[in-house]
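Each reported figure results from applying straightforward, stated rules to the coordinates on display, with no laboratory input. Note that the structure is a prediction, hence the values are computed from the model and not measured. Neighbour counts run over all protein chains shown; Cβ positions are idealised from the backbone, glycine included.
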Amino acid sequence: MPPGEERDRSGSAWSDVPSVEAVGSPPPVGAPASPGGLGPEGGEAVSTGGMLRQIARVFKENKLAVAGLVVIVLMILFCWLGPVFYHTNQTNAQEALVSSTAENAPPGGQNPLGTDNAGFDILGRLMFGGKNSLLVGLAAAILGTAFGALYGAVSGFFGGWVDAVMMRIVDTLLSIPFLFLLIVLAVIFHPTAYWLIVIIAFVSWLVPGRLIRGETLTLRTREYVQAVRAMGGSRRRIVLRHIIPNAIGTIIVNATFQVADAILLLAALGFLGLGIQPPQTDWGSMLSDGVTYAVSGYWWEIYPAGIAIVLVVVAFNFVGDALRDSLEVRLQQR
Amino acid sequence: MIGFLIRRVIQAIVVVIIVMLLVFLLGHIIPGGAARAALGPRASKVAIEGFNRANNYDRPLIVQFYLYLKNLVWHRYLGYSYHFNQGVTNIIEERLPKTLVLVGISTVLALIVAIPLGVLQVVRRNKPVDYILTGVSFVFYAMPPFLLGTLLILYFAIDTHVFSVEAPQGQTVGAILSDPRALVLPEITLAAITIASFSRYMRSSMMEAMTEDYVRTARAKGAGPRRVLFVHALRNALIPIVTLLGLSIPAIVSGAVITETVFNYPGMGLLAVQAAENTDIPLLLGTAFVATLATVAGSFIADVLYAVVDPRIRYASR
């Protein structure tokens with residue numbers, strides 16, 4: 001659970017905003033959303049323009065969210081563009097040693113952040129491992145949230161015994177301490193990066209599933225859903241075109257927190273030696289390798305990866321908090 | 001209250017049954033089969049057939065499930081660990097109390113620290129203390145426990161020798177408790193993450209309580225600010241914390257896995273990691289099953305406490 005389970009916004013940037021409507025730019029005349037226009041039929045597709053504007057406003061008002069977004073973008077650039085400018089060998093220790101000073105070399109000179117116990121340059125390795133950490137974190141969160149949203153929408157929409165059975169399954173999986181579940185899955189399916197995405201998604205779809213189910217319970221009583229039903233719209237159409245698009249705010253907010261949690265879960269697996277296997281690596285595995293040597297005084301082998309994890313996770317939490325604030329304002333406007 | 005208890009017990013039993021089914025299925029979908037996992041990739045065909053016969057793996061799946069349930073419920077048999085050469089139940093029985101001690105103390109510690117912190121943030125809301133504590137809790141929430149544990153070891157055990165590098169290694173719970181110097185760092189590590197989320201939750205719960213009508217009424221009838229804060233607001237703000245406690249138990253038990261690994265604490269978490277390292281599937285599934293049982297029991301106790309503290313829950317469930 002993210003730390004900012006905030007309902008009080010008296011201290012947030014919103015308190016000095018008299019009316020959210022007044023701040024936003026007025027909708028252009030004749031916009032598709034205006035009544036009588038050729039826009040989407042009632043409730044069919046959320047006017048994403050309004051939502052994007054809302055999100056843009058959140059970032060304008062909330063400095064922490066901007067900082068979070070900047071950190072995320074910089075980290076992605078660092079991991080994917082960094083290696084273009086900073087060449088290091090990260091898969092062959094023999095070759096890596098040719099360009100490195102030595103194994104366990106302190107920061108400075110050829111290796112700005114030092115080298116690890118195998119002689120890999122740590123700055124280069126931070127980019128190399130970061131790719132895996134960010135990719136698995138993002139992919140697992142998106143996969144988990146997408147599945148959870150669909151599951152929750154179906155469960156909430158059908159109700160009755162279908163709902164009861166589907167939710168008991170979620171309850172059960174939620175009461176298994178997730179790290180035990182992850183370890184069992186990681187041992188049974190020897191993990192590659194792709195399997196790790198699936199395994200982490202398997203643990204992280206539960207919370208969004210429950211959230212979206214709750215949201216669906218209120219959405220399905222709305223007039224537009226009843227109207228589609230009366231007109232003979234199929235259940236599939238109602239769930240995919242009406243319920244999920246209208247719950248998209250909750251889904252996006254939750255996905256943001258899920259990315260942070262997925263990165264932490266991957267790091268935990270990496271620490272236990274069940275993460276991405278050599279010659280590939282991730283930030284958690286880097287930490288795990290570094291811990292043994294940090295005790296011998298090679299402090300530079302744990303700080304870079306440790307700081308990277310904390311920075312990225314805090315950044316995603318800041319962005320998620322800001323998005324949730326905007327969503328709550330949106331709900332109040334209804 | 002009786003009705004609420006019965007409903008809650010049935011719910012817990014359903015969860016346990018589904019978990020048993022899941023554990024059984026997971027034990028059967030191992031690629032290459034359970035025999036290969038236990039005996040290794042170079043085991044002979046005869047050895048595998050013998051293993052399958054001894055473990056009933058050659059019987060129909062339904063019969064296997066029946067035998068598994070019968071053994072589990074009647075004989076508390078969770079399988080045999082080929083690595084430790086012992087019954088899984090025996091090994092877990094020895095380790096479980098140690099994890100309960102670790103988790104119990106750290107949870108109490110987390111509550112003792114987090115509740116005053118949350119109250120302090122409300123009293124000083126939107127002042128520097130509030131912002132600093134908010135920032136600190138974000139960092140601690142984002143900090144992987146193994147990083148925190150390692151840093152604590154580096155500074156408090158290796159550089160300054162205040163505490164021990166390793167957790168107590170005693171055979172019994174009494175032996176572990178008699179070595180508090182070694183127990184401090186693991187407890188702090190496990191508590192830190194929970195403190196971060198508990199204090200955030202406490203802050204918002206307290207903030208909400210302060211806006212309630214009964215707080216205004218208390219002020220109007222002349223209760224002092226201290227009395228309003230601690231008697232009227234705090235007691236009501238604590239109610240959601242009981243639920244949070246129940247919901248956090250799976251996360252705390254997961255944190256114990258990491259903490260135990262960092263400090264080499266001989267509990268269930270370290271056992272699961274050892275089982276994973278040796279691909280000891282029966283032991284691994286056994287630890288996951290017992291950890292889940294403990295979690296279900298913990299959530300159950302939290303829910304009952306919740307109903308005791310807040311009578312509205314009891315009436316609503318009728």
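Quick look at the numbers
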| read-out | value |
| --- | --- |
| Sorted by Cβ density within 10 Å, fewest first, the residues B:MET268, B:MET207, A:MET167 | A:MET167, B:MET207, B:MET268 |
| Shape category assigned to the stretch A:136-255 from the gyration tensor of Cα positions, a/c cut at 1.5 | prolate |
| Mean-position separation - Cα centroids, the stretch B:32-109 and the stretch A:235-290, in angstrom | 31 Å |
| Over 31 Å between alpha carbons, listed pairs B:LYS45/B:LYS70; B:LYS70/B:LYS98; B:LYS98/B:LYS127; B:LYS45/B:LYS98; A:LYS63/B:LYS221 | B:LYS98/B:LYS127; B:LYS45/B:LYS98; A:LYS63/B:LYS221 |
| Per-residue Cβ neighbour rank within 10 angstrom, fewest leading, B:MET210, B:MET1 | B:MET1, B:MET210 |
| Among B:VAL296, B:VAL173, B:HIS75 the positive-end extreme of the charge dipole of chain B (Cβ point charges) | B:VAL296 |
| Ascending count of other beta-carbon atoms within 10 Å, so fewest first, for A:MET231, A:MET75 | A:MET231, A:MET75 |
| Relative contact order %, the stretch B:92-309, counting alpha carbon pairs below 8 Å whose residues are six or more apart | 27 percent |
| Chain B - charge dipole about Cα centre, Lys and Arg +1 at Cβ, Asp and Glu -1, debye rounded to 20 | 1140 debye |
| Anisotropy class of chain B from Cα gyration tensor, a/c 1.5 cut | oblate |
| Cβ-based net charge around B:GLN169, under 11 Å, with every Lys or Arg adding one and every Asp or Glu removing one | -1 |
| Neighbourhood charge, 12 Å Cβ-Cβ cut-off, centred on B:ASN52 and excluding it, Lys, Arg +1 and Asp, Glu -1 | +2 |
| Other-chain or far-sequence residues with amide H under 5 Å of B:TYR80's (modelled H) | B:VAL88 |
